[in-house]
Amino acid sequence: MTCLLGTTAGVADQPHWVPTDELQASHVDVPTSILETRPTDAIAPSIELSEDIDPIERELRLQRAIADSLYGDNQKAIDSLGEPDRDDTAAMYASAMWMMQNGKVDEGMQTLRLIADRDDAPPETHKFLAVGHLHLDQPQSAEAAADIYLDANQDDAYTHYVRGLAILRQDDPVRAHDSLRQAGYDEDDVAQIQTVAMQVPVDVRQRRLTIGEPIKGIQNRSRYDDGCDSLGGASAQSKPYNFTILFAGEYDSNVPLQPRFSGLGSNFDHDDYRFLMASFLDLQLMSTEDFNLGLVGSTYNTFQVDANEFNIQDYMGGAYTNALLSEDLVGALRYEYHHTLVDSDRFADEHRLTPSMTWLGSRGHTTLFYEFNPINSRAPFLIPAQNQSTDIHRTGITQALYTFGGDGRVYGGYQYAEGHADGSDFDVNTHMVTGRIERPLPRQWIADLDVRYVWDDYANPNSLDFYDRARDDERVEVRAGLQRNFVAPVSLRFDYTYINNDSNTENLFGVRFYDYDRHIVSTQLIFSL
């Protein structure tokens, strides 16, 4: 019977199941037949037989179960086999593997432990005990089981890989390096695996530190901020800080529509090239299992080739804190102060205070947030109605789902904002629907796509409108990005952004001051230290 199993449970040599929440490096080509472990209240199957079964019938059951497994129906294989005879090591092993393939890792591990020390146990038993321990976030036990198997199977690359991940889970990258190299990875692959494995959330306490950050590198937050970053905080990592520097070259088809600037003449397209430099610092001052406190800061500077009167400088400083309120509920508070200049002249000062609550699920997180954003604008205006200084109250909800074993994400969100401005032209109610997809590609590339739709309903007749109508805008924004992470700390990113704003405001000559199209093409070099 052992020989029969050896020909069918080939999972020992070519694993059909792997814990995908542990295999996070996008370049690793692994099967995805098993998703993350599902919580279960099921009781482990009894190993006692309620009645004697004819040996021939028992053999036929095993063969039927093997056939069911070969057809990809592991649950049917479990049902066909029934409760295996505790003295039948091969049947016990097969049952354990099918349970693990079907997501019942706890039950499968209990059965594997019963046969692990038997003389007739398949040699791969400890190999898959290591995998199961790793999947259940028991890295020390996973390492011990892997060592037992590797004593007689030093050339098994997969077990060296599992052992390396288990050691990484114990926060020991130096020892893990040797195992990952023995698994056949080169230095670049090892660096990538170490970076990703140290950031992958294992439990609620670690997930709370990663939910606010993009999966790789840095996003252009001044242009695309969907509320997901309201939590703040450093990624789950051993160092207490994250420092990123970004250099970019951009082509812009409508320079006068830089962030926070629009008005007279904005409908006349002015294309130009610019150089952009930005930096971001996240420094954790305090971090415990249930709480963290940190400081954030950023700089954003653009240098136009021709239209240097539209050079932008933005300097931000702030702080954040996150607290684990219950097993899967995180409370957060973030504050930012922004000082913005146009052509080296003071343009606006603003404050952003954002409390939020996040529920952590097994496959994603849901965030509810409120933001108070008073803006003191120095933008030029001809009459008091065009004064853009305003207090903005914003509320929103964001849902994130982890995909591709944790390497990718899907976001969806809605925001509602009210702006109470000093100038009557800028009293507004705003609705925004947004979505984003982040997907890993081969060779460490990552693709992302942002789409958002915004509609602005202004409360008062606009001073620039010949027909004395209230301004009504609808805006569509689309951004596509492609990023590759080279040897740490260098990344390269390409972005294309399209913005279309449709506005009804026009003067006697049919000029629509707030009606425009904008195309931005950007190449970014990113250093994350």
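The values are calculated or read from the model by the stated rules, or taken from the named source; none is laboratory data. Keep in mind the model is a prediction, meaning the values are calculated, not measured. Cβ coordinates were reconstructed from backbone atoms using ideal geometry, including for glycine residues, and neighbour counts include every protein chain displayed. Side chains are part of the model used for accessible areas, which takes the heavy atoms of the whole protein and leaves out ligands, DNA and RNA. Shrake-Rupley method; radii C 1.70, N 1.55, O 1.52, S 1.80 Å.
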Three-way shape label, region 244-392, alpha-carbon gyration tensor, a/c 1.5 | prolate
Using a/c under 1.5 as the rounded threshold, could you call region 387-456 rounded, prolate or oblate? The axes a ≥ b ≥ c are square roots of the C-alpha gyration tensor eigenvalues, and prolate needs a/b larger than b/c, oblate otherwise.
-> prolate
Can you tell me the accessible area per residue over region 273-381, all protein chains present, probe 1.4 angstrom, in square angstrom?
-> 46 Å²
When you count, for each residue, the other Cβ atoms within 10 Å and take the mean per peptide, how do 325-334, 347-356 rank with the highest first?
-> 347-356, 325-334
With point charges of +1 on the Cβ of Lys and Arg and -1 on the Cβ of Asp and Glu, referenced to the Cα centre of region 88-191, which listed residue (His177, Asn153, Leu165) lies farthest in the positive direction of the dipole?
-> Leu165
Its Cα gyration tensor gives region 329-446 an equivalent ellipsoid whose semi-axes in whole Å, largest first, are 35, 18, 14
Sparse-neighbour loop sites [chymotrypsin sites (Phe, Trp or Tyr not before Pro); region 427-529; at most 10 other C-beta within 10 Å; DSSP] = Phe509
Rounded to the nearest 10 Å², what accessible area does Ile392 show when all protein chains are kept and the probe is 1.4 Å?
-> 30 Å²
Cα-centred dipole magnitude for region 381-467, charges only on beta-carbon of K, R (+1) and D, E (-1), debye, nearest 20 = 640 debye
Using amide H atoms built 1.01 Å from N in the peptide plane, name the residues 5+ places from Asn311, or on other chains, whose amide H lies under 5 Å from its own.
-> Gln304, Asp343
Roughly how many whole Å is it from the C-alpha centroid of region 493-525 to that of region 404-446?
-> 18 Å
Region 279-335, relative contact order in percent, only Cα pairs under 8 angstrom and at least six apart counted = 29 percent
Trypsin sites (Lys or Arg not before Pro) restricted to region 387-462 and DSSP loop, no more than 13 other C-beta within 10 Å | none
